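So the structure is just underneath, and the comments pick up after that.
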Amino acid sequence: MADCNVVVLISGSGSNLQALIDSIAEDGNPARICAVISNRADAYGLERAKQAGIDTRVLDHKQFDGREAFDAALVECIDGFAPQLVILAGFMRILTPAFVSHYSGRLLNIHPSLLPKYKGLHTHQRALEAGDHEHGCSVHFVTEELDGGPLVVQAIVPVQSDDTPDSLAQRVHAEEHRIYPLAMRWFAEGRLRLGGTGAELDGQALPPCGQQLRN
């Protein structure tokens, strides 16, 4: 099976990036991270990439006159690596419609909630305040709707009575590190695609909630 070139976009510590890097060592995984791009020069994820021998680039959004100019430069940088897949791993930028359209069907994101619940920020706090019994994380294809694209896979975490936002976040992070590499591998193997009505796995339409995994 031919390699599937992947570019990962980050803004911070890169813990999900590390999980993706680690997963590529698995037997037969055709995913190959060819570059890691950050909008922040101090992102620790760049160091993780360098330690793994992966090309890195920094594109500081503050150096550009507006979001459209930054995204246009980002597209040019990404396309220089000719990726089949682009992965957002803690990339703290809202992307323009032109960027999303350019990578339609090959742009994945992970979000720390059971989408469509709790789009945006402070998801763990919001789940606790709502008295939810379950929380988790979701991998989805990116569309112009913020945190609203077709779902690929979700990991469900039970909420414990003594949970704090931090304790809940720790368990959700562990699940992120499980399902993001899984989704990347599915795509790299040609099993996952974005169809006309949503995400498809092995030629079958996934349910609106995606594939759900419980620990």
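Taken together, the values in this text are just the output of simple stated rules run on the coordinates, not laboratory data. Keep in mind it's a predicted model, so treat the numbers as computed, not measured. FYI the Cβ positions are ideal-geometry reconstructions off the backbone, even for glycines, and counts take in every protein chain you see.
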Discussion item. Need the C-alpha centroid separation for segment 100-128 versus segment 1-43, integer Å.
Written reply: 19 Å
Practice prompt. Provide the FRET efficiency to the nearest 0.05 for the residue 130-residue 60 pair, computing r from the beta carbons and using R0 = 45 Å.
Written response: 0.75
Item to complete: Sort the chain into rounded, prolate or oblate with this rule: let a ≥ b ≥ c be the square roots of the eigenvalues of the Cα gyration tensor; rounded if a/c is under 1.5, and if a/c is not under 1.5, prolate when a/b is larger than b/c, oblate otherwise.
Response: rounded
Fill in: Built amide H within the under 5 Å cut-off of residue 92, gap 5+
11
Worksheet item: Working out 0.36 nm times the residue gap between residue 166 and residue 92, then minus their Cα-Cα distance, what length gain in nm do you get to one decimal?
Response: 24.7 nm
Worksheet entry | Mean Cβ neighbour count within 10 Å, used as a protection proxy, ranking 153-159, 4-10 highest first | 4-10, 153-159
Fill in: ³J(HN,Hα) computed for each position of segment 95-106 - Karplus, 6.51 cos²θ - 1.76 cosθ + 1.60, integer Hz, glycine/proline x
8, 6, x, 5, 5, 4, 5, 4, 10, 3, x, 9
Worksheet, complete the sentence: Around residue 30 (Cβ within 10 Å, Cβ-to-Cβ, excluding residue 30; K/R +1, D/E -1) the net charge comes to 0
Worksheet entry | 15 Å beta-carbon shell around residue 202, net charge (K/R +1, D/E -1) | +1
Response to the item:
quick note, the chain, DSSP beta bridge pairs, % antiparallel (nearest 5) is 40 percent
Worksheet item: Which of the peptides 198-208, 102-112 is most tightly packed, and how do the rest follow, judged by the mean count of other Cβ atoms within 10 Å per residue?
Response: 102-112, 198-208
Discussion item. If you filter segment 101-183 for GluC sites (Glu not before Pro), then keep DSSP loop positions with at most 11 other Cβ within 10 Å, what is left?
Written reply: 145
Practice prompt. Identify all lysines with a Cα-Cα distance to residue 62 below 25 Å; exclude those on the same chain that are fewer than 8 residues away in sequence.
Written response: 50
Item to complete: For segment 131-136, take each phi angle, set θ = phi - 60°, evaluate the Karplus expression 6.51 cos²θ - 1.76 cosθ + 1.60, and give the result in whole Hz per residue in order, putting x for glycine and proline.
Response: x, 5, 8, 9, 9, x
Worksheet item: Quick one: helix 165-188 against the long Cα principal axis of the chain, what's the angle to the nearest 10°, folded into 0 to 90?
Response: 50 degrees
Worksheet item: Around residue 136, which amide H atoms from residues at least 5 apart in sequence, or from another chain, sit under 5 Å from its own amide H, with H modelled in the peptide plane?
Response: 114, 157
